[in-house]
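Read through the structure below, which is laid out as structure tokens, and then see the notes.
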């Protein structure tokens, strides 16, 4: 895989991770009057004070339909 392809893959993965679970998940949150996790973080922190680490980390929970 070329560097260009790796870069495109990384950007796609970042876009997916930043989407907050996709449009269905966001619509579900909005339908019950909730903000998304990212919106809540932005609302309580000072501008440009949030530095995200481990963007691609996923939970290991399998109970409660969390897979």
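Some observations on this one:
- Principal-axis tilt of helix 3-18 within the chain, Cα atoms, nearest 10 degrees: 0 degrees
- Over the chain, dividing the summed -39,500 (n - 2.57) contributions of all DSSP H runs of at least 4 residues by the number of residues returns a 222 nm mean residue ellipticity of -15000 deg cm²/dmol.
- The chain: equivalent-ellipsoid semi-axes (sqrt of 5 x gyration tensor eigenvalues, Cα, Å): 25, 19, 13
- A straight chain from residue 19 to residue 4 at 0.36 nm per residue would run longer than the Cα-Cα distance by 3.1 nm.
Read the figures in this text as sums done on the coordinates, not as results from a lab. The structure presented is a predicted model; accordingly, all values stated were derived computationally and were not measured.
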